[in-house]
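The values are calculated or read from the model by the stated rules, or taken from the named source; none is laboratory data. Not measured: the values here are computed from a predicted model. In this analysis, Cβ positions are derived from the backbone assuming ideal geometry, glycine residues included, and neighbour counts consider all displayed protein chains. For accessibility, only protein heavy atoms count, side chains too; no ligands or nucleic acids. Shrake-Rupley method; radii C 1.70, N 1.55, O 1.52, S 1.80 Å.
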Amino acid sequence: MFDTTRTTARVPAAVAGLVAAGAAVSVAEVVALVMGRSDVTPLLAVGDATVDLTPLPVKQFAVDTFGTADKLALFIGMGAIMVAAAALLGAAAGRRRSIGGVGIAAFAVVGLAAVLTRPGAGVLDTVPTLVGIAACYLVLTLLLNVGASYAPGGAPGERADSGALRRDGGAGGTGGGSGAAAVDEAGGVAVEDADPGVVHAGGARGDGEADGAEEAEEAEDHSPGFDRRRFVLVAGTAAALSAGAGTAARMLAASGPGTRTGVGDISLPRPADPAAPVPDGADLELDGLSSFFTPNEDFYRIDTALSVPRLDASTWSLRIRGNGVEERTYTYNDLLNRSDLVERDITIACVSNPVGGDLIGNARWIGIPLRTLLEELGVVPPSRGGPADQLVSRSSDGMTIGTPVEDVMDGRDAMLALGMNGEPLPYDHGFPVRMVVPGLYGYVSACKWLVEMELTTFDAFDAYWVPRGWSARGPIKTQSRIETPRDGGALEGGTTVPVAGVAWAQTTGIDRVEVSIDGGEWREAELAEEDTTDTWRQWVYQWDAEPGDHEISVRATDRDGDVQTDEHAPPAPDGATGRHTVQVTVA
Ligand SMILES: Nc1nc2c(c(=O)[nH]1)N[C@H]1C(S)=C(S)[C@@H](COP(=O)(O)O)O[C@H]1N2
Ligand SMILES: [Mo]
């Protein structure tokens, strides 16, 4: 399938491999964009599949090491592997062209497997990968030929062991031959088309392959057959074209087509049931203390999405189905125009949040009460004999999140949220609709980019994180954190130092926060006003700081009288416990 009469020296061949791989990625991005499926390109699919297949300890390591930059780190790692593989393959294909074909086929298999295993993927989703692979093959062949160090004209002959499918036919005689023209023009004798694995009669010439490889070794890139300027020109043009097209495709995909209804096109109605104003004194407004509401731009983001879904609200719909329900589909306008929009302040938190960590945020949400909606469809909670104990939410990107039906119907403010801090949900936080359930960690409640809800049982279905080592049920554990002073801080002595932070016990409320200095007696901190039992509560302790090194610890007590445990537990499987402690030095 490659012109085996000629070989290409190592450096130009490696460059050919790199440019060909770049062309594959870019062409696939462009084709996916044209097909309106820019969220299932092979690059993203391989990344997604990697995330899905990564074992929990590695994932935890990635989150611990890179934090929310874990996705960037993954792309950089994938990029490095691709660059190395493409250069090595190119160099190998320079010596023996058939290696190029085999390598490209291997990439094709990985790409296609990743694409086809994405949730909701169909046969059409393989098209970008296939076209990308064809482009890769053509560019590699072209560049290897332009970079060949060996003049054309090996004696014609068929390779007996080629294994490639052969077709009879005249030179360039089929529609796929446009790339072949370029190959020909470059001085080759091969007549190839875009189908990997298919070659025209006469396309493979076998003799001299081994000799050629040896000669290439010696010839290097100053051999008479190698026109360096021409190679640089062709390779540079191919690289620039694919970089330009690929970047443009990504940018267009990110901005989305013009007719859609995005975040910027929506104005939320006034909720029928607005939140009560936040009491004065709920936000202590101290230096170093986070604001009571977390601005959307600063709100933590945790999800498995390598490219944030940008759904179109005008075509979005939510289907609700399952055990004991009348199936129904809602459009965005159905939800937006409902008369029972509520507004609630709720602090959501991630199960991966370590003690003292910042994977927690507080927002004012606008949405539809989930209980009302489910009751309209005839859903009965298990405590009243309903057949379903698990509500499985599905996102457009295939995430599944399982929530106890009992919890979303027990009277707490579980909702399908459309708004966050006075704005339509940002794309990062689930536009157009997500779930928010007070008192449950995000991985069991807060499905973003929601498209389907199914009433089922915990026995019948494991949601995404469950087989990955996380508990099926995840109530938020009572916690407290010291925000100021910072761990390792150096303080001025001789004054009182405000030690301050937040504590949370969603659905129950915080009744007491205590601080201990150097393991001494627990002293009660002053609590900020409570907004709701579903929000975090600020606290401050005025500390007479003595010079020296000190350790400050905090603990909270909820309204049931339960004191936050000091027993240390890691985030997996159902949330970290232990007490937040900071070390400071007072001058
Ligand atoms: N579609 C989707 N929804 C998701 C997730 C996800 O990976 N995909 N992650 C969940 C987790 S683990 C958390 S903690 C919250 C975080 O919501 P945020 O990113 O808006 O803060 O979203 C939840 N909803
Ligand atoms: Mo999470």
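Across the range 422-466, what is the total count of residues that are polar (S, T, N, Q) and either more than 10 Å from ligand 1 (Cβ to nearest atom) or not assigned by TED's automatic domain parsing to the domain that holds Ser307 (or both)?
Summing the residues that are polar (S, T, N, Q) and either more than 10 Å from ligand 1 (Cβ to nearest atom) or not assigned by TED's automatic domain parsing to the domain that holds Ser307 (or both) in the range 422-466 gives 2.
Examine the range 294-306 for a residue that is within 16 Å of ligand 2 (Cβ to nearest atom) and open to solvent by 50 Å² or more (accessible area, probe 1.4 Å), and state whether such a residue exists. Lay out the reasoning, then the answer.
Here is the first cut: in the range 294-306, the residues within 16 Å of ligand 2 (Cβ to nearest atom) are 294, 299-305.
Still in the running and open to solvent by 50 Å² or more (accessible area, probe 1.4 Å): 301-302.
Scanning the range 294-306 turns up at least one residue that is within 16 Å of ligand 2 (Cβ to nearest atom) and open to solvent by 50 Å² or more (accessible area, probe 1.4 Å).
Which of the residues belonging to the range 535-577 are hydrophobic (A, V, I, L, M, F, W, C) and over 38 Å from the mean Cα position of the chain (by Cα)?
Passing the criteria: Trp543, Ala545.
Let's see how each residue does on (1) modelled with pLDDT under 95; (2) open to solvent by less than 30 Å² (accessible area, probe 1.4 Å); (3) charged (D, E, K, R):
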| residue | (1), (2), (3) |
| --- | --- |
| Arg481 | no, yes, yes |
| Gly494 | yes, no, no |
| Val515 | no, yes, no |
| Gly519 | no, no, no |
| Glu524 | no, no, yes |
| Thr535 | no, yes, no |
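Keeping to the range 331-354, report how many residues are open to solvent by 30 Å² or more (accessible area, probe 1.4 Å) and within 16 Å of ligand 1 (Cβ to nearest atom).
Counting residues in the range 331-354 that are open to solvent by 30 Å² or more (accessible area, probe 1.4 Å) and within 16 Å of ligand 1 (Cβ to nearest atom) gives 2.
Per-residue answers, yes or no, for (1) within 20 Å of the chain's Cα centre (by Cα); (2) more than 29 Å from Asp312 (Cβ to Cβ); (3) open to solvent by 30 Å² or more (accessible area, probe 1.4 Å):
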position: Val25; (1), (2), (3): yes, no, yes
position: Arg37; (1), (2), (3): yes, no, yes
position: Ala62; (1), (2), (3): yes, yes, no
position: Arg95; (1), (2), (3): no, yes, yes
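For Leu33, are the conditions met, namely being open to solvent by 30 Å² or more (accessible area, probe 1.4 Å), under 23 Å from Gly357 (Cα atoms) and among the aliphatic types (A, V, I, L, M)?
No, not satisfied.
Somewhere in the range 360-379, is a residue within 16 Å of ligand 2 (Cβ to nearest atom), in a loop (DSSP other than H, G, I, E, B) and among the polar types (S, T, N, Q)? Full working, then the answer.
Within the range 360-379, the subset within 16 Å of ligand 2 (Cβ to nearest atom) is 360-363.
Next, from what is left, pick out any that are in a loop (DSSP other than H, G, I, E, B): none.
There is no residue in the range 360-379 that is within 16 Å of ligand 2 (Cβ to nearest atom), in a loop (DSSP other than H, G, I, E, B) and among the polar types (S, T, N, Q).
Just the residues that are of a type in the set (S, T, N, Q) and at positive phi, please, taken from the range 422-454.
None; the set is empty.
Spot the failing condition for Glu285; the list is (1) more than 16 Å from ligand 2 (Cβ to nearest atom); (2) surrounded by fewer than 18 Cβ atoms within 10 Å (Cβ to Cβ); (3) more than 24 Å from Ala500 (Cα to Cα), and only one is missed.
Going through the list (1) more than 16 Å from ligand 2 (Cβ to nearest atom); (2) surrounded by fewer than 18 Cβ atoms within 10 Å (Cβ to Cβ); (3) more than 24 Å from Ala500 (Cα to Cα), Glu285 breaks only (3).
Find the residue count for the range 459-479, including only residues that are open to solvent by 30 Å² or more (accessible area, probe 1.4 Å) and farther than 17 Å from Ile360 by Cα.
Of the residues in the range 459-479, 12 are open to solvent by 30 Å² or more (accessible area, probe 1.4 Å) and farther than 17 Å from Ile360 by Cα.
Find all pairs meeting these conditions: Cβ atoms under 6 angstrom apart; at least six residues apart or on different chains; first residue within the range 333-357 and among the basic types (Lys, Arg); second residue open to solvent by less than 10 Å² (accessible area, probe 1.4 Å) and within 16 Å of ligand 1 (Cβ to nearest atom).
Final answer for the pair search is Arg344/Trp365.
Just to be sure, is Arg328 in the same structural domain as Gly411 (by TED's automatic domain parsing), open to solvent by 50 Å² or more (accessible area, probe 1.4 Å), away from ligand 1 (no atom under 16 Å from the Cβ) and touching a residue at least 12 places away in the same chain (Cβ under 8 Å)? Spell out how you get there, then give the answer.
On the way: in the same structural domain as Gly411 (by TED's automatic domain parsing): yes; open to solvent by 50 Å² or more (accessible area, probe 1.4 Å): yes; away from ligand 1 (no atom under 16 Å from the Cβ): yes; touching a residue at least 12 places away in the same chain (Cβ under 8 Å): yes.
Yes, satisfied.
Looking at the range 385-393, can you tell me whether even one residue there is within 13 Å of ligand 1 (Cβ to nearest atom) and part of a strand (DSSP E or B)? Give the derivation first.
Let us first name the residues in the range 385-393 that are within 13 Å of ligand 1 (Cβ to nearest atom), namely 392-393.
Then keep just the ones that are part of a strand (DSSP E or B); that gives 392-393.
Yes, the range 385-393 contains a residue that is within 13 Å of ligand 1 (Cβ to nearest atom) and part of a strand (DSSP E or B).
I need the full set of residues from the range 469-500 which are among the small types (Gly, Ala, Ser), over 14 Å from Val586 (Cβ atoms) and part of a loop (DSSP other than H, G, I, E, B), in order please.
Step one: filter the range 469-500 for residues among the small types (Gly, Ala, Ser), giving 469, 471-472, 474, 480, 488-490, 493-494, 500.
The next check asks that each one be over 14 Å from Val586 (Cβ atoms); those that pass are 469, 471-472, 474, 480, 500.
Correct list: Gly469, Ser471, Ala472, Gly474.
So which residues in the range 366-400 are surrounded by fewer than 21 Cβ atoms within 10 Å (Cβ to Cβ), under 27 Å from the mean Cα position of the chain (by Cα) and closer than 14 Å to Leu455 by Cβ?
Within the range 366-400, just Thr400 meets the criteria.
So Arg118 passes all but one of these: (1) over 20 Å from Tyr137 (Cα atoms); (2) part of a helix (DSSP H, G or I). Which condition number does it fail?
The one condition Arg118 does not meet is (2).
Taking Asp397 and the conditions (1) in a strand (DSSP E or B); (2) within 11 Å of ligand 1 (Cβ to nearest atom), which numbered condition does it fall short on, given that it satisfies the others?
(1)
Can you go through Gly411, Gly419 and tell me which one is open to solvent by 10 Å² or more (accessible area, probe 1.4 Å), assigned by TED's automatic domain parsing to the domain that holds Glu375 and away from ligand 2 (no atom under 16 Å from the Cβ)?
Gly411
Pick from the range 307-319 the residues that are within 23 Å of the chain's Cα centre (by Cα) and not in a loop (DSSP other than H, G, I, E, B): which of them is nearest to ligand 2 (Cβ to nearest atom)?
Ranking the candidates gives Leu318 first.
Which of the residues spanning the range 210-241 are modelled with pLDDT under 55 and within 19 Å of Thr141 (Cβ to Cβ)?
The answer is Gly212, Ala213, Ala216, Asp221.
Has the range 268-284 got any residue that is closer than 19 Å to Asn421 by Cα, in contact with a helix residue (DSSP H, G or I) (Cβ under 8 Å, 6 or more places away or on another chain) and assigned to a loop (DSSP other than H, G, I, E, B)?
yes
Which members of the range 332-359 meet the condition of being outside any loop (DSSP other than H, G, I, E, B), of a type outside the set (Val, Ile, Thr) and within 16 Å of ligand 2 (Cβ to nearest atom)?
Ala349
Only one of these is touching a residue at least 12 places away in the same chain (Cβ under 8 Å) and touching a strand residue (DSSP E or B) at 6+ places or on another chain (Cβ under 6 Å): Phe431, Phe458. Name it.
Among Phe431, Phe458, only Phe458 is touching a residue at least 12 places away in the same chain (Cβ under 8 Å) and touching a strand residue (DSSP E or B) at 6+ places or on another chain (Cβ under 6 Å).
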